[in-house]
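The block underneath contains the structure these notes are about, expressed in structure tokens.
The numbers here are math on the coordinates, done by the rules we state, and not lab data. Note that the coordinates shown come from a computational prediction; the quantities given were computed from them, not determined experimentally. Because the Cβ atoms are built from the backbone with ideal geometry, glycine has one as well, and the counts that use them run over all protein chains shown.
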Amino acid sequence: MIIKKEKKDDITIYYLEKDISDEKMNKYVNTFVKPSQINLIIDDDTDVYTKEGKLLLKFRKNKLPEKDINEFYENVKNFVVKKTRNRGSATGSKSKSVYENPEIMTNILGYFDKFAPNQKVYLRKLNKKIPNVRETQFVMDYPEKFKKLFPFVKDIDKLYEKYIPDKYEKQKKKANQTPFKIANTSFTTITTNVNFQTTIHKDAGDDIEGFGNLSVIEKGKYTGGETCLPQYGVGVNVRTKDILFMDVHEWHGNLPIKLEEKDAKRLSIVCYLRKNVWENSKHKTKKFMIRHNKTIKKIRSNKKE
């Protein structure tokens, strides 16, 4: 519910009250956002706060350079369409078995904090204990392509520093404590989703002191897919070149994505500092990282992300 709206320079500022109480929100967890739950769709430069003054989101249009967007897409386009079953209830699945989850196009780039099952078995056989941090499949298989993603990630990092400086400072300080980060940014990890409507959830595993971000690369025509905070009745129409900063520890999800062309794609990109990557590798040296990565590559055997 909008309780106040104002304009400052070219920025629209909203103050919102919860449409749904905390108690009632529990019944909507891991269900899909319904259009009837959203009464405000943002499509222009906007800041949104709670009635108490807590920042919920900042949205800016046309801030990401087209050249870096295109380079990012060209280097990930064949990888990000790989299907996995590792998003569990965020897909709407009620099963506790990963093998019964629907296959969706969601993937992780950068650095991760869990070993694949066959890697764990191998390490146990060797009686070898090493920190739970590793390069993802994309980094190991396509190191040169990974480097070509850096300009786009740096663009997001600079905007993060500009628009959310207090959160950025805390997150960057942590990122500086580990060599397992992306191109000297405040991020260790990137999650990509293609045409994936997530259910209502809160992010876990990221830096609790940080602030979330979302960018989108669209190929072909589609409608919908707005990123929403249903408890506050607000959604944001993020498109190519736009950047959304949002509190991912509030309930959020997507409206349905309707493809108007058969091969249309909505590629969403989330950059973040993964808490356990930082915890498991802070104060390690770059030399340690190089040795560690060589060890992981030696034991790698047909691993799945």
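Multiply the residue gap between Thr285 and Gln119 by 0.36 nm, knock off their C-alpha separation, and tell me the result in nm, one decimal place. Please report the intermediate quantities before stating the final value.
On the way: separation 166, 0.36 × 166 = 59.76 nm, distance 2.33 nm.
Going from the current span to full extension adds 57.4 nm.
Less than 5 angstrom separates the built amide H of Asp19 from those of Tyr232, Gly233, all sequence-distant by 5 or more or on a different chain.
Remark: the Cα gyration tensor places segment 173-265 in the oblate category, a/c being 1.5 or greater and a/b not exceeding b/c.
For the chain, the mean residue ellipticity at 222 nm estimated from helices alone is -7500 deg cm²/dmol, where every DSSP H run of n ≥ 4 contributes -39500 (n - 2.57) and the total is divided by all residues, rounded to the nearest 500. Rounded to two decimals, the Cα-based Rg/Rh of the chain, with Kirkwood Rh, is 0.96. The long axis of helix 117-126 is offset from the longest Cα principal axis of the chain by roughly 30 degrees. As a proxy for reagent exposure, ranking Ile13, Ile208 by other Cβ atoms within 10 Å from fewest up yields Ile208, Ile13. Between helix 66-76 and the chain there is an angle of about 50 degrees, using the helix long axis and the longest principal axis of the Cα atoms.
Helix 150-163 and the longest principal axis of the Cα set of the chain meet at an angle near 40°.
Only the Cβ atoms of Lys and Arg (+1) and of Asp and Glu (-1) were treated as charged; on that basis the dipole of the chain about its Cα centre amounts to roughly 2020 debye.
The label-point distance for Glu218 and Asp166, in a model that sets each label 7 Å from Cα toward Cβ, rounds to 3.3 nm.
A simple spin-label model places pseudo-atoms 7 Å from Cα toward Cβ; at Asp22 and Lys297 they are separated by 4.9 nm. Look at the alpha carbon pairs under 8 Å that are at least 6 residues apart: their mean separation over the length of segment 171-293 gives a relative contact order of 40 percent. Where q = 0.14, 0.20 Å⁻¹, what log10 of I(q)/I(0) comes from the Debye formula for segment 96-216, counting one point per Cα? Treating every Cα as an identical point scatterer, log10 I(q)/I(0) equals -0.75, -1.33.
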